[in-house]
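Since every read-out is calculated from the coordinates, none of them should be taken as a lab result. On a predicted model such as this, the values are computed, not experimentally measured, just so you know. Neighbour counts are summed over all protein chains in view; Cβ atoms, including those assigned to glycine, are modelled from backbone coordinates with ideal geometry.
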């Protein structure tokens, strides 16, 4: 049985899988009792060619990875491929310095705020914090 919300696969493993999210454990009622819904994230910036593969090839890669990583031996009852090319921002060398310059420019425009995963983190907590900081900045600027 799964007893976590998912796992992240380190890039050094050289696997096509980036992460696995146990969606039905994170969000109740996403799968019938006795069933599990998982989302498997493949490719990313290190393996963009995977997004070009046909659905059936991706299904086979996912089945193989679930067997190897989780010991899952069954066949899925349902599968669906959704492609999100360039969905996650890639922070390049110099990102922190670029943010510092952007924040300096924002200081000159008090009614302008930026928020989202492109700035200080792609996780939900970072995005929520980013939104709250932007909202506070705008409220403070409005007096």
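Points to keep in mind about this one:
- Label-to-label distance for residue 72 and residue 4 is 1.4 nm, based on points extended 7 Å past Cα in the beta-carbon direction.
- Residue 98 paired with residue 59, simple spin-label distance in nm, labels 7 Å along Cα-to-beta-carbon: 3.9 nm
- Label separation (residue 135 vs residue 36): 3.5 nm, computed from points 7 Å beyond Cα along the C-beta direction.
- Förster radius 22 Å - calculated FRET efficiency between residue 19 and residue 82, Cβ distance, rounded to 0.05: 0.90
- Estimated FRET transfer efficiency when R0 is 25 angstrom, pair residue 142-residue 117 (beta carbons, to 0.05): 0.50
- CD proxy at 222 nm, helix term only [per DSSP H run n ≥ 4: -39500 (n - 2.57); per residue of the chain; nearest 500]: -11500 deg cm²/dmol
- Value in Å of the Kirkwood radius, where the chain supplies the Cα pairs that are averaged: 18.1 Å
- When the square roots of the Cα gyration tensor eigenvalues are ordered a ≥ b ≥ c, the ratio a/c for region 95-142 is 1.5 or more and a/b does not exceed b/c, which makes its shape oblate.
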